[in-house]
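Down below is the structure, laid out as structure tokens.
The values are calculated or read from the model by the stated rules, or taken from the named source; none is laboratory data. None of the values given here were measured: they were computed from a predicted structure. Glycine gets a Cβ as well: all are built from the backbone with ideal geometry, and neighbour counts include every protein chain shown.
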Amino acid sequence: MHDKVLNVSAIKNGTVIDHIPATSLFEVISILGLHNVESQITFGTNLESKKLGKKAIIKLSEVYLMDDEINKISLVAPQAKLNIIKNFEVVEKKIVEVPENVVGIVKCFNPSCITNHERIVTRFKVLSMNELRLKCHYCEKITDHEHMEII
Amino acid sequence: MNGKSLVSITDFSKENYLEILDLAKEFESRPNPDLFRGKVVGSLFFEPSTRTRLSFESAVTRMGGRIIGFTEASSSSVTKGETLYDTIKIVSNYCDLIVMRHAMEGSARYASEVASIPIINAGDGANQHPTQTMLDLYSIQKTQNKLENLNICLVGDLKYGRTVHSLLMAMSEFNSTFHFVSPKELKMPMVYKLFLENRGLKYEEHTEFNDIVKEADVIYMTRVQKERFSDPIEYEKTKNAYNLKKDMLKNAKPGMKILHPLPRVNEIHTEIDSTPQAYYFTQALNGVFARQAIIAKILGLK
Ligand SMILES: [Zn+2]
């Protein structure tokens with residue numbers, strides 16, 4: 001079944017992002033700015049996954065991501081795995097790594113934070129990933145997973 | 001420190017603290033009325049704070065510097081919708097240093113990134129107020145003749161009180177022992193307790209004053225505000241437990257000093273004002289010397 005899903009929309013060259021929690025698919029699309037990509041993109045969601053329950057998958061034809069772009073999705077899809085495809089073969093596998101700083105992706109949960117009142121690119125230091133804790137560079141308050149909102 | 005902004009107390013090192021304290025002492029014993037001559041300080045109080053503003057104004061004018069600025073947002077272009085970014089960019093052209101107070105947390109850090117000149121944070125909402133911490137350190141050093149190995153008792157609202165958090169961070173450089181006295185709802189946050197544990201420093205938590213007064217070298221009082229309590233009954237039950245009265249000082253060390261960032265409401269009974277332990281008014285005067293020292297260091301004049 002799993003192979004069949006992959007085969008339906010296999011890509012010749014590009015990147016496959018697998019093991020995205022189904023609930024995070026649209027956040028991943030937004031974080032990676034995929035709405036601006038012009039080449040062919042295939043999405044699948046609510047696919048069966050032993051690890052995640054329901055997972056999503058994104059196939060990007062002729063698109064290769066930089067490591068720092070990949071790491072941006074670690075906030076919403078920490079278990080995501082990337083396969084780099086050349087001529088229908090997987091030539092490289094990548095996993096997402098937690099960045100030291102999160103820039104311009106997350107909104108500071110503190111309503112009194114200056115970043116919520118002026119046009120300022122938010123910046124956080126990642127204090128811990130297992131239990132996500134982001135310290136705002138400006139107000140110094142900590143935003144956790146429960147209060148995290150993607151811009 | 002030359003040319004550097006002071007946004008958070010952690011922007012400066014222990015060595016920086018000690019240099020500032022030495023200089024504050026020098027300014028207090030030998031006033032230098034010409035050091036800031038020709039210097040212009042921008043004083044941007046987007047949120048009013050008369051005491052802090054007057055302290056900075058006194059610090060600058062007593063050393064021959066000039067102050068320009070505004071005392072509340074309504075008298076500035078902010079009310080016309082100007083962004084903080086634009087205000088800071090423009091004021092940067094007119095002066096050598098900006099002292100700013102703003103209700104938004106993180107505003108001073110942001111301003112320090114926008115400005116072409118150094119920023120001194122005179123309070124950004126509930127976040128940081130580092131010059132208060134420097135004057136607290138100066139007051140402690142002056143009264144105890146040292147900063148090392150002191151027994152520091154922090155009282156009142158330890159959950160939201162930014163002054164006690166910054167003081168804790170700064171004093172942790174000097175091997176202090178801490179006592180925290182607060183209602184259960186306003187206990188010292190875990191993150192600060194872990195910070196002390198990681199540095200191997202001792203602290204004890206209490207919900208009432210009892211015996212700790214006699215061990216303390218410094219009692220740092222803060223105000224317990226009603227609006228901090230989710231349960232008003234809890235406030236009524238505890239509100240008087242953190243008030244200091246004269247009879248509570250009978251076993252105190254003779255050199256113990258009571259500090260308070262002011263304004264007080266009733267957490268220090270006025271009968272204490274005449275005791276040798278009362279220090280909060282002199283503490284406010286120390287703010288002038290501490291701020292002079294900080295400005296002199298940042299402007300590279302000393
Ligand atoms: Zn913030």
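Structure summary
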item	result
Out of A:135, A:125, A:51, sole residue that is among the charged types (D, E, K, R) and away from chain B (no Cβ under 14 Å)	A:51
Any hit, region B:119-132, residues being buried (at least 24 other Cβ atoms within 10 Å of the Cβ), of a type in the set (Asp, Glu) and outside the structural domain of residue B:162 (by TED's automatic domain parsing)	yes
Residue A:93 more than 14 Å from every other protein chain (Cβ to nearest Cβ), surrounded by fewer than 12 Cβ atoms within 10 Å (Cβ to Cβ), of a type outside the set (Val, Ile, Thr) and touching a residue at least 12 places away in the same chain (Cβ under 8 Å)	yes
Only one of B:63, B:104 that is within 16 Å of the ligand (Cβ to nearest atom) and not aromatic (Phe, Trp, Tyr)	B:104
Residue check, residue B:219 modelled with pLDDT of 95 or more and in the same structural domain as residue B:39 (by TED's automatic domain parsing)	no
From A:61, A:112, A:74, residue being within 14 Å of chain B (Cβ to nearest Cβ), hydroxyl-bearing (Ser, Thr, Tyr) and either farther than 30 Å from residue B:88 by Cα or surrounded by 13 or more Cβ atoms within 10 Å (Cβ to Cβ) (or both)	A:112
Residue in region B:147-160 that is assigned to a helix (DSSP H, G or I), within 14 Å of another protein chain (Cβ to nearest Cβ) and either surrounded by fewer than 22 Cβ atoms within 10 Å (Cβ to Cβ) or among the hydrophobic types (A, V, I, L, M, F, W, C) (or both) present	no
Neighbours by Cβ (under 7 Å, 6+ apart or cross-chain): first from region A:27-50, among the polar types (S, T, N, Q); second part of a helix (DSSP H, G or I) and crowded, with 18+ Cβ neighbours inside 10 Å	A:45/A:25
In region B:68-105, residue farthest from the other protein chains (Cβ to nearest Cβ) [restricted to those that are in contact with a helix residue (DSSP H, G or I) (Cβ under 8 Å, 6 or more places away or on another chain) and assigned to a loop (DSSP other than H, G, I, E, B)]	B:71
Every residue from region B:131-171 that is of a type in the set (S, T, N, Q) and modelled with pLDDT of 95 or more	B:131, B:132, B:133, B:139, B:141, B:143, B:144, B:145, B:149, B:151
Residue A:50, sole failed condition from (1) closer than 30 Å to residue A:11 by Cα; (2) within 16 Å of the ligand (Cβ to nearest atom)	(2)
Within region B:106-118, tally of residues that are facing another protein chain (nearest Cβ under 9 Å) and not in a helix (DSSP H, G or I)	1
Qualifying residue in region B:250-267 (condition: assigned to a helix (DSSP H, G or I) and out of contact with any strand residue (DSSP E or B) (no Cβ under 9 Å at 6 or more places or on another chain))	no
Any strands (runs of 3 or more DSSP E) falling wholly within region A:56-146 and containing at least 2 residues that are out of contact with any His (no Cβ under 6 Å at 6 or more places or on another chain) and within 12 Å of the ligand (Cβ to nearest atom)	A:123-128, A:133-136, A:142-144
Verdict on residue B:235 being of a type outside the set (D, E, K, R), surrounded by 15 or more Cβ atoms within 10 Å (Cβ to Cβ) and within 19 Å of residue B:164 (Cα to Cα)	no
Residue match in region B:269-277 (condition: among the charged types (D, E, K, R), under 19 Å from residue B:152 (Cα atoms) and not in a strand (DSSP E or B))	no
